[in-house]
Amino acid sequence: MKNKKFATVAKVARYIIALVLVVSGIGKVIDPVPTIEILGQMLLFPEWLIIPVVSVLPVVEIVMAIALVIRYREEVNLLLCLGLFVGFFAFSIYCTLYGMNSDCGCFGAIFESRVGWKMGLRNFLFVLMVGFMVYQHKNEAIPILKKAEKYLNDPNLYISLGNCYKETGNFQKSEYYYQKAGAIVPHQMYPKYLLVKLYE
């Protein structure tokens with residue numbers, strides 16, 4: 001029951017984040033001026049990099065949104081989304097600390113969003129949402145891999161299970177599956193390497 005609730009929450013979060021990315025990307029395409037202005041105010045941001053970033057960022061946001069909805073290369077895309085929103089959160093903290101009070105350029109012309117603690121809180125919430133989606137993705141993989149275990153005795157399968165359990169904090173089961181993979185292919189170093197990394 002708990003897993004179903006978590007899966008539902010992750011699904012809702014996925015569509016919210018996808019919507020935010022689409023609106024943000026389209027807004028920047030329609031009116032990139034607020035984004036150009038806010039980046040121009042940042043002392044640490046090189047001037048020559050402003051136009052390339054403003055040109056590429058909306059495309060990245062829209063592509064990420066589509067990939068989220070269709071679940072394309074999900075693990076990689078979720079990690080990229082997490083990195084993007086951590087960057088947005090750091091950007092909001094920087095702008096707030098330096099007393100900037102203009103439109104952050106987050107949503108271009110669609111609606112105004114001023115720099116401040118509300119912007120930081122919003123981005124922090126998005127980081128938590130994507131972080132939860134990353135965690136839930138690992139949990140979703142475990143039952144599928146466990147079903148495959150009934151039909152396959154494959155070291156790669158056991159390594160994948162070990163990785164998933166490690167990511168979800170179940171180090172005992174992670175160790176078990178790494179050892180199981182190592183027992184099948186005792187001449188291979190990779191399962192042993194994963195165990196060493198687990199023990200660190």
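Assorted remarks:
- Dipole of the chain computed with +1 at Lys/Arg Cβ and -1 at Asp/Glu Cβ about the Cα centre; of Ser102, Tyr177, Val53, farthest Cα towards the positive end is Tyr177.
- Per residue, segment 60-134 exposes 52 Å² of accessible surface when a 1.4 Å probe is rolled over the protein heavy atoms with every protein chain present.
- Trypsin sites (Lys or Arg not before Pro) within segment 144-200: DSSP coil, no more than 11 neighbouring Cβ in 10 Å: Lys150
- Around the Cα centre of segment 102-195, unit charges on the Cβ atoms of Lys, Arg, Asp and Glu (plus for the first two, minus for the last two) sum to a dipole of about 220 debye.
- Under-21-angstrom lysine pairs by C-alpha in segment 1-155, whenever the two are 8 or more apart or on separate chains: 14
- With eigenvalues of the C-alpha gyration tensor scaled by 5 and rooted, the chain, Å: 41, 18, 15
- Alpha-carbon centroids, segment 32-90 and segment 120-195: separation in whole Å: 29
- Taking the accessible area of segment 111-195, probe 1.4 Å, and keeping the other protein chains in place, the carbon and sulfur fraction comes to 63%.
- Where chymotrypsin sites (Phe, Trp or Tyr not before Pro) fall in DSSP loop in segment 132-161, at most 12 other Cβ within 10 Å: Tyr151
- Shown here for segment 1-75: chymotrypsin sites (Phe, Trp or Tyr not before Pro) in loop regions (DSSP other than H, G, I, E, B) with at most 13 other Cβ atoms within 10 Å, namely Tyr72.
The values are calculated or read from the model by the stated rules, or taken from the named source; none is laboratory data. Everything quoted here is computed from the prediction, not taken from an experiment. Heads up, the Cβs are rebuilt from the backbone with ideal geometry, glycines too, and the neighbour counts pull from every protein chain shown. Quick note on the areas: whole protein, heavy atoms, side chains included, nothing else; ligands and nucleic acids left out. Shrake-Rupley method; radii C 1.70, N 1.55, O 1.52, S 1.80 Å.
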